[in-house]
Amino acid sequence: EIEDEVTGEKHKRVVHACNNNFNLHPVLRQSILQSEYYKELAEFKTFPDIVDEIYNKVTYASPNIPNTRHVSSCFCLLHKLFTIPITYKQLEDLIGHPDSPFLRVVGLLYVRYVIDPKEMWSLFEPHVNDKTEFDPGANGQKRTIGKFIKGLIEDINYFDTVLPRIPVLIQRNMIETLMKHEFRASAIEEKRKQLRKGVKVMATYYADQQEYEAEVMDEGKNGDFWVVFTEYGNEQQTKVEDIRLLDPKGRGDGKDRRSTSRSRSRGRKDGQRSRSRSKGRKDDGGGGIDFSKEVLKRQREAAAAQGGDYARRPTSYKSSLSMPQTTSTTRLKSRSPVRAHGASGGGGGKDGRDSALDGGAPGPYREQRRGDDYFVA
């Protein structure tokens, strides 16, 4: 455990699951260590100092400065973060930092490179629906934090470097859960479009976690909706996912059975169920889709798109004669024969060169190779 310098509280230290290069590509890490900017970071010793430097310096998330071969400040600071002890609390604060999306991006890259894959999803999940936009490559192509996390999970390539591999089963489970999140988010947005003042719904009453008939009153500031429970008159600000639209032929479109001024608990005996209470349970948002099969299908399609057309029927000999052929030859750089004054050859071959190249006794002119050219010694 590490003691927090500000609060004095002790928190669990992050445990790395990586090699000596912090799972970075050896060439990339060597570039970082040789960077003049990284050498200047030696004065930064604490987590708050590095966070402040990330906030001030990082404006893109690529490994190299765009259109150059020089390593970026983002990856220099990421490597510096690898080298100091931090806690899970500090890492979670970094991933959820409100001041700059690049603080969150550096935290997410930290997770992707050195955190045990079994622990990755617990750190990724709270942010998969984050709609904050940023420009990772400084090229005008913006992405949301949620899409960035999806790319870190599904892709092995990151700009011009390679991310460490995630075990197949763990990656598949994360992709499946991510698809469920996307499906639910899409369903919530569709439901939000249908919620308006006066619409009859079934809403979860948070005091007992049960569903009751309700009517939408207004939309709250944070995207939730104010509803009034029509049977009892209680009002509550309710999340969209805790509101269920009624079937046009279902209940809730008639008159209230009780006065709205009546108390929720009035008129009910202990253990008696409300007639307006839903007998079913809320849908988990899956919509009946087999996400595991969908993940396998997408992975097969992605693998087929990257591979060759192996199912294509082989071309016959006669058909191949009319097809354009791409021919290429590899040959040594052409050169003019070099003769010395008065040389008559020796050691076999023409003026002694062939024997030198073929491994025979060298003549007076022996050719040696330097790069792609030949010179006479």
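The values are calculated or read from the model by the stated rules, or taken from the named source; none is laboratory data. The shown structure was predicted, so the numbers you read here are calculated from the model rather than taken from an experiment. Neighbour counts are summed over all protein chains in view; Cβ atoms, including those assigned to glycine, are modelled from backbone coordinates with ideal geometry. The protein model used for the area step is the full one, side chains on, heavy atoms only, and it has no ligands, DNA or RNA in it. Shrake-Rupley method; radii C 1.70, N 1.55, O 1.52, S 1.80 Å.
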Exercise. Amide H to amide H under 5 Å from residue 159: which residues, 5+ apart in sequence or cross-chain, H placed 1.01 Å off N in plane?
Worked result: none
Seminar exercise, completed: Rg/Rh over Cα atoms for the stretch 139-251, Kirkwood Rh, comes to 1.16
Seminar exercise, completed: Debye calc, one equal point scatterer per Cα of the stretch 197-245, no solvent, log10 I(q)/I(0) at q = 0.15, 0.25, 0.26, 0.28 1/Å comes to -0.29, -0.85, -0.93, -1.08
Problem set entry | Per residue value of the accessible surface for the stretch 1-79 (all protein chains in place, 1.4 Å probe), Å² | 62
For this session: Go through the stretch 138-152 residue by residue and turn each phi into a ³J(HN,Hα) via Karplus (6.51, -1.76, 1.60, θ = phi - 60°); whole Hz please, and just put x for glycine and proline.
Result: 6, 10, x, 9, 7, 9, 8, 4, x, 5, 5, 4, 4, x, 5
Seminar exercise, completed: The long-range amide H neighbours of residue 226, using H built 1.01 Å from N in the peptide plane and a cut-off of under 5 Å, are 217, 218, 219, 220, 238
For this session: Quick one: which residues, 5+ away or cross-chain, put their amide H under 5 Å from the amide H of residue 86? H built at 1.01 Å from N.
Result: 14
Exercise. Of 118/297; 80/239; 89/131, which pairs sit farther than 32 Å apart, going by alpha carbon to alpha carbon?
Worked result: 80/239
Problem set entry | ³J(HN,Hα) computed for each position of the stretch 201-210 - Karplus, 6.51 cos²θ - 1.76 cosθ + 1.60, integer Hz, glycine/proline x | 9, 10, 10, 7, 8, 5, 5, 10, 6, 10
For this session: Read phi for every residue in the stretch 99-113 and hand back ³J(HN,Hα) as whole Hz from Karplus 6.51 cos²θ - 1.76 cosθ + 1.60, θ = phi - 60°, with x for Gly and Pro.
Result: 6, 8, x, 6, 5, 5, 5, 4, x, 5, 5, 4, 4, 5, 8
Exercise. Can you tell me the Rg and Dmax of the stretch 2-181, counting just the alpha carbons, in angstroms?
Worked result: 15.6, 45
Exercise. Roughly to the nearest percent, how much of the accessible area of the stretch 197-245 is carbon and sulfur, given a 1.4 Å probe?
Worked result: 44
For this session: Provide the gained length on full extension for the span residue 119 to residue 65, in nm with one decimal, where the gain is 0.36 nm per separating residue minus the Cα-Cα distance.
Result: 16.4 nm
For this session: May I ask you to compute the full-extension gain from residue 141 to residue 181, defined as 0.36 nm times their residue separation minus their alpha-carbon distance, rounded to one decimal in nm?
Result: 12.0 nm
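Would you please give the FRET efficiency between residue 168 and residue 55, computed as 1/(1 + (r/R0)^6) with r the Cβ-Cβ distance and R0 = 51 Å, to the nearest 0.05?
0.90
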